[in-house]
Amino acid sequence: MEFDLENPLTNFNDFCPGTTIPSLFLVESHHMPKENYVKTLKARDLDISVRRGAISLISQLSCKSSPFLSYLAVNYLDRFLSIQGIPQPKTWVLRLLAISCVSLAAKMKKTEFSIAHFQGVGGFIFDAQTIERMEYLILGALKWRMRSITPFSFISFFISFFKLKDPPLRQALKARALEIIFKSQTDVKLLVFKPSITAASALLSASHELFPLQFPCFRKAISSCSYVNKDNMLECYNSMQDIAKEGYESIFDMVSTSNTPVNVLDQHFSSSESETTDGIVTTATTIL
C-alpha cells in the first residue's frame, strides 16, 4: 500500500500497537531539516538559488504525478542537504540528487515510473545503478525515515477544532489549506516551523479567507491546543499571508463545486465557540 502523507501511521500500527496522533507531535522534528539549515541558506544567496533550482527540477520530474509526490521529494531534499551540505559548483550532483529524491518518493507513493523518464534531464544521463547509489546515500543520511511527517499529517486533527457542520465547507477549508501548504514549501523562512505549526497556520489562513467572521473563534480554538506553541503559530501565520494571497481566486472554483456561494460561507457556520480537544501524550515512537 502506498504511503499516505495525510495518514503516515497507516499500516504502522500493525507493527507498533498503541501508536496515536500525539506521537506525531513528539517525533515530528525528526522529519525536518537540521536547525542551522535555514541560517545557512540565508547566509548565501547562491545556496538559495541552488535549492530553488533543485525544487524546479523536482517539479518538472513529477509534474504528471500527484503534488504530494513532489512535496515528499522536496522534504527528502531539504533534510539531506541540511545534513550533507549543498554541493557546489557541481551541477550534475544536484541534478542526480533531485532525480533520486523523486525516485524514492515515487517508490514510497507506489507511483509507476521509468528510469527513462529521467534520462537527459538538464543534459545529463544517469544510469539506474548511479541513481540507486545516490538513493542509498539519501536513505543512510535520513536514517531510513522515509515515512515523512509533514503538515498534511496534522490537517485532520486541526480541522476538527473548527466544528464545521457541513461537509462541503470542511472540504473547502481543507482544500484551500492544502493549496497554501504546497505553496509554502518553496519559502525558505517557513522551513524553521514544525509541520504541525505549518498545518495549523495554513488552516488559519484559509479560514481567514473563507470564514472571516469566525476567524477569531478559530484562532482561539487552535491556540488553546496543548501541542501548539501559540507564538510560533502566529509568527508562521503572519509569514504565510503573502503566500496565501497568491492564487486566492482559486477558492471560488473550489467552493463552486459544492454549490455554496462564497459570500454566505459564514452564514452556514455555527458561531458557537470551538471546544478544544485534549490529547493524551503517549510514548514517542520513531516513525520510519
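Bear in mind these aren't lab numbers, they're just calculated from the coordinates by the rules spelled out. It should be emphasised that the depicted structure is a prediction, and the values quoted were computed from it without experimental measurement. For neighbour counting, all protein chains shown are included, and Cβ atoms are generated from backbone atoms with ideal geometry for every residue, glycine included.
What to note about this one:
- Peptides ranked, highest mean first, by Cβ atoms within 10 Å: ranges 186-193, 71-78: 71-78, 186-193
- Once the chain from Ser239 to Val188 is taken as fully extended at 0.36 nm per residue, the excess over their C-alpha distance is 17.3 nm.
- Coupling constants for the range 100-109 follow from the phi torsions by the Karplus curve (6.51 cos²θ - 1.76 cosθ + 1.60, θ = phi - 60°), and in residue order they are 5, 5, 5, 4, 5, 5, 5, 5, 5, 8 Hz; glycine and proline get x.
- Global geometry of the range 57-191, whether rounded, prolate or oblate, following the gyration tensor of its Cα atoms and the 1.5 cut on a/c: prolate
- Packing around the peptides 90-103, 134-147, taken as the average count of other Cβ atoms within 10 Å per residue, puts them in this order, highest first: 90-103, 134-147.
- Residue-wise HN-Hα coupling along the range 47-59, computed from phi with Karplus coefficients 6.51, -1.76, 1.60 (Hz; x: Gly, Pro): 4, 5, 5, 5, 4, 4, x, 5, 5, 4, 5, 4, 5
- Restriction of the GluC sites (Glu not before Pro) in the range 28-120 to DSSP coil positions whose beta-carbon has at most 14 other beta-carbons within 10 angstrom yields Glu35, Glu112.
- 5 angstrom amide H check on Thr111, placed H, neighbours 5+ away: none
- Ranked by how many other beta carbons lie within 10 Å on average, peptides 213-220, 44-51 from highest: 213-220, 44-51
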